[in-house]
1. Rounding to the nearest 20 debye, state how big the charge dipole of the protein assembly as shown is about its Cα centre with +1 on each Lys and Arg Cβ and -1 on each Asp and Glu Cβ.
2. Beyond 31 Å, what share of the Cα-Cα pairs of chain A remains, rounded to the nearest whole percent?
3. For segment A:187-269, what relative contact order do you get, as a whole percent, if you take Cα pairs closer than 8 Å and at least 6 residues apart?
4. Which one, A:Tyr348, A:Ser306, A:Leu415, projects farthest toward the positive side of the charge dipole computed for the protein assembly as shown from Cβ point charges (K/R +1, D/E -1)?
5. Ranked by Cβ crowding within 10 angstrom, fewest neighbours first, how are B:Cys195, A:Cys152 ordered?
6. Rounded to whole Hz and in sequence order, give me ³J(HN,Hα) for segment A:239-246 from the Karplus expression 6.51 cos²θ - 1.76 cosθ + 1.60, θ = phi - 60°, writing x for Gly and Pro.
7. Could you give the dipole magnitude of segment A:36-111 about its Cα centre, charging the beta-carbon of Lys and Arg +1 and that of Asp and Glu -1, in debye to the nearest 20?
8. From the P(r) of segment A:330-433, could you give the percentage of C-alpha pairs in the tail past 19 Å?
Amino acid sequence: MICACALVLVSGVCPQAADYDYINIREPFSQKIPMAVPVFKTLSQGSTEKQVAKNAADMVEAALAYTGYFKMIDRDAFLQDPGGQGIVMDEIKFGNWTDIGAELLLTGGVRLESGVLQMEFRLFDPYRQEMILGKRYTGKVDGQRKMVLRFCGEMIKRLTGRQGLFDSRIAFVGTGDEGKAVYVCDFDGKNVTRITRPQSIVVSPAWGPDGRSIAYTAYTHGNQRIYISNLQDGSVREFASYEGINLTPAWHPGSSALAATLSFEGDEEIYLLTETGKIDKRLTESWGVDVSPAFSPDGKKMVFVSSRSGSPQIYVKDMRSGSVRRLTYEGSYNTQPDWSPAGGQVVYSGMKDGRTDIYVIDVDSGETERLTNQAGDNEAPSWSPDGSMIVFTSTRTGSSRIFVMTASGTDQRMLLDMPGKQQLPDWSPPKRQ
Amino acid sequence: MAKKLNMKFTLLCIVMLSLALTVSCAKKPPETTSTSDQAEAADTMATESEADTARADEDALTEEELEARRQAEAEARETAADARDRFVSEKVYFKFDDASLTDSARDALRDKVQWLRDHPDACVIIEGHCDERGTDEYNLALGSRRAESVKDFLTKAGIDGSRLTTISYGEERPAAKGHNEEAWAENRRAEFRFCSSE
């Protein structure tokens, strides 16, 4: 349990209007905001407090740097002792920060007394000499990461107007010695947990809209069937076991229905299934492969892959009118679409000259942008719940690994380093408000 | 001793047989036979003798056939297992991102149709596979499409669809490990196995 309270009383200045002008929402990654995070101040004199203070500052830096919005100024470049200085408005020498170009300053304090950890965070604009946000959290020592991420989330919301991604998780398929299994990790690759038993074939993990369950396809009893794993109690139920393949489940937002590809009629078509796995209706009507459905955030449209034109291309179906239009025309192999949380774009993997890369296409204009252009194949993109980032797999370092990048394609880096290969990441959906 | 007795018995038989023939000829009433009659008789004789020859030939042929059949059966006992093995080992190959059947795929499938007709109790699982290029889910669907293409061909050729099950492994189980066209071509395939082996 973490208690949080706003530190509005600490500072005399309390901006009421939300300031979103720090981060340009249209091009948030074109220019990173230089930011300073000094080591947190120890507020009592406990022996372990110093380490906790150092950890806190490092955790904040890592979490904020992860977003791609900020450029963390090296503490060696600070004009003052990076730790132990004043952390409240009146004690801060803003000139020391504007001189090194820090457009944001985050100060913090930790108090550790009889197992209770109290953390304070203050975000300042050194040029305006204002406090933008202040928060105090109280909880157990092992809740430190949670407190840090909670504040970072508040801060991103204040700067962008959008809920951050710090409480999101990523599901993926990991291959180990015993086989393939669905794993889940935090947004930053920490706390990797295996949630299914290892099997020979596991694909298409897909988060439920509540973020509490994951549907996936596994090969059992002679065919691929869809299962739903409940993360709360660890139970697994068989969801769809029609003859042939049961593939690529995708939850319909705002309802308990799932779309999935089934082949029991002798052709791979996408169907809408009720929450108990019964067929509600068939959604595609074309000979050949129809696979990988993903819904628009309002649930009114479905993007999917079809081979109806002779090669795999991405199509959009209007759920109400039933009309279908082709979205991708460039390249002869476009698959794995995922609709952006904001609704205007679809990210997908496209093959060109034998290499697969991640592309983003504007749903209305059809304007396409390539986001990866490195060696290796880049596949299976999935948007972060706030739409600011994309997780994908890349073979650029050898075996297939999970990478993240900003939605503009900047800051591409490996998310986690674990043995075997990792595939098919799916980022948890936005929390329902 | 025994040899001498045998000789005497044989001689006796020959003497008696020649006596009998002489007697029967002597008993026959003397008939005046025209030349044409003689010719007819000769013809009849000839025909009869031809029939005899034909019968003899027929017997000889039957024995040859029997011998061939005996050999064929022995070979068949050996090759039934081979044919079954060949049914499983001969794969059907596809072009990249394509589930349609090539001419050589159809030829291979015609052999399989024959085998399935000869073995009406056989139940078969058709596996669809892809090469490593392309993406996992699409390849699983494409593998399914390939297996379905094969099943479609077999059912159109009269094989009961209830004997045929399809399954896709996508790119999960490559037959060749390489990362070149040669390996990819080998991996874009449909494979066959018997239901009992599952």
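1. Working: 75 positive and 94 negative charges, 548 e Å.
For the protein assembly as shown, the charge dipole is close to 2640 debye.
2. On the way: 41854 of 93528 pairs.
Cα-Cα pairs in chain A separated by more than 31 Å: 45 percent.
3. Numbers: 160 pairs, mean separation 17.7, N = 83.
In percent, rounded to a whole number, it is 21.
4. Going by the charge dipole, the pick is A:Leu415.
5. Values: B:Cys195 13, A:Cys152 23.
Ordered from fewest to most neighbouring Cβ atoms within 10 Å, B:Cys195, A:Cys152 come out as B:Cys195, A:Cys152.
6. Values per residue, Gly and Pro as x: 9, 9, 9, 6, 4, x, 8, 10 Hz.
7. On the way: 7 positive and 10 negative charges, 44 e Å.
Dipole of segment A:36-111, to the nearest 20 debye: 200 debye.
8. Considering segment A:330-433, 38 percent of its Cα-Cα pairs are separated by more than 19 Å.
Throughout, read-outs are computed from the coordinates displayed, never taken from laboratory work. Because the structure is a prediction, the values reported are computed rather than measured. Note: ideal-geometry Cβ built from the backbone for every residue, glycine included; neighbour counts use all protein chains shown.
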